[in-house]
């Protein structure tokens, strides 16, 4: 997690340098006392979500509301642990397997009536 925080700071600094080179006003970099967002990488190693008992393990055991919204076959990519207004939120990015389309083998034809509406250019 610390490595990703450092990488995020470096990326933000590069973005500010690019914006300043383009002539945009960026202001100066200020010191922050507290961190309000922690990126969680490597699902299953650094953190784990247990949908059965609705807990998040890895940062301490947290009870979570709304974990039942995640489909059971979803693959967790990344998550972001956010503190906002003395509340804690977990933003999770998931990927779902692509569903197979069922083709019945029948063709569909659509008549748009274009024959009489084509204009001739001189």
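The values are calculated or read from the model by the stated rules, or taken from the named source; none is laboratory data. The shown structure was predicted, so the numbers you read here are calculated from the model rather than taken from an experiment. Here Cβ is always computed from backbone atoms with ideal geometry, including for glycine, and neighbour counts include all displayed protein chains.
A few remarks follow.
- Any hit, the range 1-11, residues being touching a residue at least 40 places away in the same chain (Cβ under 8 Å), assigned by TED's automatic domain parsing to the domain that holds residue 84 and under 20 Å from the mean Cα position of the chain (by Cα): no
- Among the residues of the range 12-33, the one identified as closer than 20 Å to residue 81 by Cα and either surrounded by 10 or more Cβ atoms within 10 Å (Cβ to Cβ) or touching a residue at least 12 places away in the same chain (Cβ under 8 Å) (or both) is 12.
- Restricting the range 90-115 to residues that are without any contact (Cβ under 8 Å) to a residue 24 or more places away in the chain and in a strand (DSSP E or B), the residue that is surrounded by the fewest Cβ atoms within 10 Å (Cβ to Cβ): 95
- Hey, residue 94 under 22 Å from residue 44 (Cα atoms) and modelled with pLDDT of 85 or more or not: yes
- Filter pass, residue 7 being in a loop (DSSP other than H, G, I, E, B) and at negative phi: no
- Once the range 44-89 is narrowed to residues that are modelled with pLDDT of 80 or more and within 17 Å of residue 4 (Cα to Cα), the residue that is surrounded by the fewest Cβ atoms within 10 Å (Cβ to Cβ) is 77.
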